[in-house]
Amino acid sequence: MSNIWRTTIRSDGMKPFLKWAGNKYRIVNKIRGILPPGKRLIEPFAGSAAVFLNTEYKENFINDRNTDLINVFVTLKQFGPAFIDACKSLFTPEHNVPRVYYEFREEFNATRDLFRKAALFIYLNRHGYNGLCRYNNDGGFNVPFGRYKKPYFPFDEMMMFYHKSQSATFLTEDFETVMQQAQPGDVIYCDPPYVPLSATANFTNYSAGGFGFGEQLRLAKAAREASGRGVPVLISNHQTPFTEEIYQTAQITTFDVQRLISCDSTNRNKATELLALFPALVSSVN
């Protein structure tokens with residue numbers, strides 16, 4: 001294997017191949033600085049997998065309830081360059097028009113061919129409006145056409161993920177089920193859908209079912225329970241009175257970040273990020 005594809009973390013980090021709301025690539029150094037050492041990283045909310053890509057745990061347990069997302073990761077891990085070539089074939093000027101985009105979106109929602117569905121997901125992610133991943137109440141992907149002049153094809157990023165993913169197991173379980181499987185020696189990083197800063201700033205419909213205040217409370221409880229079993233848990237979220245209350249037993253770090261989800265560059269305001277570390281309360285097994 002050429003050295004260019006070694007999965008050792010580079011000085012500038014490994015960029016995720018997906019555009020993703022809440023992508024942690026820009027703050028991954030802060031997260032790495034707090035994550036404890038361990039044998040296995042468990043991520044109940046994979047998202048773009050930026051933390052998985054930019055840490056060096058021997059094993060990785062990567063989960064997300066978005067089955068389309070996990071299907072992409074599994075397909076890339078299994079088929080590697082052949083899958084990347086199939087995705088690249090969709091990135092042509094002829095395909096970068098509304099008519100084709102909506103035809104592909106309709107096919108994506110209808111097909112049962114998981115390889116084709118994964119390739120279409122990459123296309124939709126890079127050609128859709130603002131890189132959003134959003135579904136309607138029937139579970140259909142409904143992001144409109146993005147009108148980009150020349151969507152970027154993430155060849156290098158996909159190749160790096162392919163090699164890195166050989167150390168990973170991918171799942172689509174409930175976050176609590178995944179966290180309950182953790183044992184001393186594991187480290188859990190949680191990047192759930194964030195508590196909204198306002199009534200209109202809620203992006204929880206990236207997968208069916210949403211993620212409300214009840215789920216936030218359930219996550220905090222699962223983190224405390226894992227901590228009590230000797231498994232450290234780090235959670236990312238917005239700093240709000242609600243998160244400060246439910247994470248009150250954790251070690252809190254806060255800092256300002258620039259929110260990039262808005263397509264209007266004048267409306268990308270700063271928000272305060274919160275990292276809550278629930279440390280292992282009993283000694284880990286060596």
Compactness check, segment 68-223: C-alpha Rg relative to the 2.2 N^0.38 Å globular estimate gives 1.16
Fraction of alpha-carbon pairs in segment 20-106 farther than 22 Å apart, rounded to whole percent, equals 44
For segment 84-178, the dipole about the Cα centre with charges only on Cβ (Lys and Arg +1, Asp and Glu -1), to the nearest 20 debye, works out at 460
Net charge (Lys, Arg +1; Asp, Glu -1) of residues whose beta-carbon lies under 12 Å from that of GLU107, GLU107 excluded, is +1
Computed over the chain: longest principal axis from alpha-carbon atoms vs helix 67-79 long axis, angle to nearest 10 degrees, is 80
Placing one equal point scatterer on each C-alpha of the chain and summing with Debye, one gets log10 I(q)/I(0) at q = 0.10, 0.12, 0.15, 0.16 Å⁻¹ equal to -0.53, -0.77, -1.22, -1.37
Quick note, segment 116-203: a/c under 1.5 would make it rounded; otherwise a/b > b/c is prolate and the rest oblate (a ≥ b ≥ c, C-alpha gyration tensor); here it is oblate
Taking alpha-carbon centroids only, segment 18-50 lies from segment 103-181 a number of Å equal to 18
Checking rank on 237-250, 45-58, with mean other Cβ inside 10 Å and highest first, the result is 45-58, 237-250
Candidate cut points under trypsin sites (Lys or Arg not before Pro) in segment 139-172, DSSP loop plus at most 16 other Cβ atoms within 10 Å of their own Cβ, are ARG147, LYS149
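Based solely on its DSSP helices, what 222 nm [θ] is calculated for the chain when runs of n ≥ 4 H residues each add -39,500 (n - 2.57) and the sum is averaged over all residues, nearest 500 deg cm²/dmol?
After summing the helix terms and dividing by the residues of the chain, the value is -10000 deg cm²/dmol.
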Extend 7 Å from the Cα of GLU173 along its Cα-to-C-beta direction; within segment 49-85, residues with backbone N under 12 Å of that point are 61-64
The answer for the net charge of residues other than PHE61 whose Cβ lies under 13 angstrom from its Cβ, with Lys and Arg +1 and Asp and Glu -1, is -2
antiparallel share of DSSP beta bridges within the chain, to nearest 5, in %, is 50
Per principal axis, largest first, the Cα atoms of segment 120-161 extend in Å by 35, 25, 14
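More than 25 angstrom separation, counting every C-alpha pair in segment 37-155; what % is that?
Summing the P(r) tail past 25 Å for segment 37-155 gives 26 percent.
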Taking Cα atoms only, helix 213-228 is inclined relative to the longest principal axis of the chain by an angle, in degrees rounded to 10, of 50
Nearest 10, in degrees from 0 to 90: the angle of helix 98-110 to the longest Cα principal axis of the chain is 60
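Every number in this text was worked out from the coordinates using simple rules, so none of it is lab data. In this text, all values refer to a predicted model and were calculated from it rather than measured experimentally. Please note: Cβ atoms are built from the backbone with ideal geometry, for glycine as well, and neighbour counts cover all protein chains shown.
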